[in-house]
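Below is one structure; the comments refer to it alone.
The values are calculated or read from the model by the stated rules, or taken from the named source; none is laboratory data. Predicted, not measured: the structure shown is a model, and the values here were computed from it. FYI the Cβ positions are ideal-geometry reconstructions off the backbone, even for glycines, and counts take in every protein chain you see.
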Amino acid sequence: MAEFDDRSYPIVFPQQRGGATLPPVPQEVTDAELSSDELLDAAVPSESAELAVVPSLVDQLVAKAQCPHPIWHPIRFVGWAVSMVFGIVTMVLTLAILAVIPIVNFIALGYLLDVEGRVARSGKFRDAFPLLPLAPRIGSMVIGIWIFLLPLRLLAWTAADARLISPGSAADHGWHFVLNLAMVLVTIHICLALARGGRFSTFFRPLKNLRWFMTQRRDPAYWDRAEQTVWEFLSRIRRTHFFWLGVKGWVGAFLWLVIPTAIFAAANKPNGGAALVSIVGGILLCLVFAWVPFLQARYAAEGRLSAFKELRTIRELYRRAPVCLSLAAILTYALSLPLFLATIFLPPQDALWMVTPIFIVSIFPARVFTGWAYHQAVQRTQRAWFSLRVLMGLVLMPTLMIYTFILFFTQFIGASGKLVLFQHHALLLPRPF
């Protein structure tokens, strides 16, 4: 079996980036390497060091996310399991809401790519939940805020009805005064609950929140700790990173898909020439479908947009692990079929977030498995048997042909017409429109 020449197909993973080996991580400086003045300065506690003594909110959430022993601490384990399930549900619903907002839905795609890249670098499924320690707290904040905004909505409807029925009357002025007063009180209550950490219980203890704040405001370092906690919490969410990761990942995949999809959708009449054009476009789409998931996984793992040009490297990876990559491609497109069916029976625009959880739940495991398959291919140094590669190719290509054949008929039953062919939910934006 011929050896693989890394000089012809550079596979930069995971210690390399852009073809250059990353420098070693610098070790900590020992006391012997410091001068006497530096040792004296290090011995004097600074203001930032005093702030670091108190564990931040993010550190506390990460510590709580550690799984306790199910035998020695069964009650804590049950509480941890419930919290993690709640966190997963929160992440799915959050991504579902983000996916229906134009432009913002790139954050949802970026999060899925980030998950895929983490698993591709480590090969561990536990890395598929980077925001899981923060998700339960985010969910409790969202639910708590929604509960206390509900009375304001009811008061707003009542005040609007009073003004509509009898504008300028005592009832009109009275209901608007109550509404304005309630807005101020609810805003203060929500801010105090969030200041105490945003746990679900803090939204139902307004007096304790007020007493806690009056005590904390006397501490000169409180505002510095609060600012540090807020910025640390927002930095851990990495919304800007997810957004640009999603934008670049979408651009790279779309450039591969747009030309064969346009050829596939070009035919307007069922004659011989049109059928031939559709067949050519379908064949090109099958070839692109076979490689784009792994080009996208390579981009997610290394963060280089140029990874989308390294088709020869992906083909070599397939020769190394044909079983893993074939199963990943089949799983990706098999789970995307329900997404096309969901677009046929779309709810109104305001209720689209109720459909997008189906998209997230279908796409998420495919992304995770694709990242794992890519990692397995990268870790192998020799090509698989030729007979095995041919066998998996005979399994993969007919599957992609069937998927493309089904995709062709979605333009006749979907509300978007030919535009539905360009959506490619499994590879582009996870949205139902």
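Within segment 333-357, track down each residue that is modelled with pLDDT of 75 or more and either touching a strand residue (DSSP E or B) at 6+ places or on another chain (Cβ under 6 Å) or surrounded by fewer than 18 Cβ atoms within 10 Å (Cβ to Cβ) (or both).
Taking segment 333-357 and keeping what is modelled with pLDDT of 75 or more, we get 333-337, 357.
Passing the criteria: A334, L337, P357.
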Which condition breaks for I103 when tested against (1) assigned to a loop (DSSP other than H, G, I, E, B); (2) touching a residue at least 60 places away in the same chain (Cβ under 8 Å); (3) among the aliphatic types (A, V, I, L, M)? (2)
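Of the residues that sit in segment 121-143 and are under 16 Å from the mean Cα position of the chain (by Cα) and of a type outside the set (A, V, I, L, M, F, W, C), which one is modelled with the lowest pLDDT? Can you show your working first?
Residues of segment 121-143 under 16 Å from the mean Cα position of the chain (by Cα): 125-136, 138-139.
Add one more test, that the residue is of a type outside the set (A, V, I, L, M, F, W, C), and what stays is 126-127, 130, 133, 136, 139.
Numbers: R126: 81, D127: 83, P130: 80, P133: 75, P136: 80, G139: 82.
For segment 121-143, the residue satisfying everything is P133.
Pick out the one residue from A193, A226 that is within 21 Å of M141 (Cα to Cα) and touching a Ser or Thr at 6+ places or on another chain (Cβ under 9 Å). Quick ask: steps written out before the conclusion?
On the way: A226 fails: touching a Ser or Thr at 6+ places or on another chain (Cβ under 9 Å).
When all the criteria are applied, what remains is A193.
Being of a type in the set (S, T, N, Q) and at pLDDT 90 or above is the filter here, so list the residues in segment 270-313 that pass it.
Once the filter is applied, which keeps residues that are of a type in the set (S, T, N, Q) and at pLDDT 90 or above, segment 270-313 yields Q296, S306, T313.
Identify the residue in segment 228-268 that is more than 14 Å from the chain's Cα centre (by Cα) and more than 24 Å from H424 (Cα to Cα) and, among all such residues, is surrounded by the most Cβ atoms within 10 Å (Cβ to Cβ). Working first, answer last.
Filtering segment 228-268 for residues more than 14 Å from the chain's Cα centre (by Cα) gives 228-235, 248, 251-268.
Okay, now just the ones that are also more than 24 Å from H424 (Cα to Cα), so 228-235.
Numbers: Q228: 17, T229: 19, V230: 13, W231: 10, E232: 13, F233: 17, L234: 11, S235: 12.
So, considering only residues that are more than 14 Å from the chain's Cα centre (by Cα) and more than 24 Å from H424 (Cα to Cα), the one surrounded by the most Cβ atoms within 10 Å (Cβ to Cβ) is T229.
Could you tell me which residue of segment 357-396 is farthest from V100 (Cα to Cα), considering only residues that are among the polar types (S, T, N, Q) and touching a helix residue (DSSP H, G or I) at 6+ places or on another chain (Cβ under 6 Å)? Write out each step before concluding.
Narrowing segment 357-396 to residues among the polar types (S, T, N, Q): 362, 370, 376, 379, 381-382, 387.
Remaining after also requiring touching a helix residue (DSSP H, G or I) at 6+ places or on another chain (Cβ under 6 Å): 362, 370, 376.
Values: S362: 16, T370: 24, Q376: 34 Å.
Among them, the one singled out is Q376.
Tell me, yes or no, whether segment 186-201 has at least one residue that is basic (K, R), under 35 Å from the mean Cα position of the chain (by Cα) and at pLDDT below 90.
Start the filter on segment 186-201 by keeping residues that are basic (K, R), which leaves 196, 199.
Subset that is under 35 Å from the mean Cα position of the chain (by Cα): 196, 199.
From what's left, at pLDDT below 90: 196, 199.
Yes, some residue in segment 186-201 is basic (K, R), under 35 Å from the mean Cα position of the chain (by Cα) and at pLDDT below 90.
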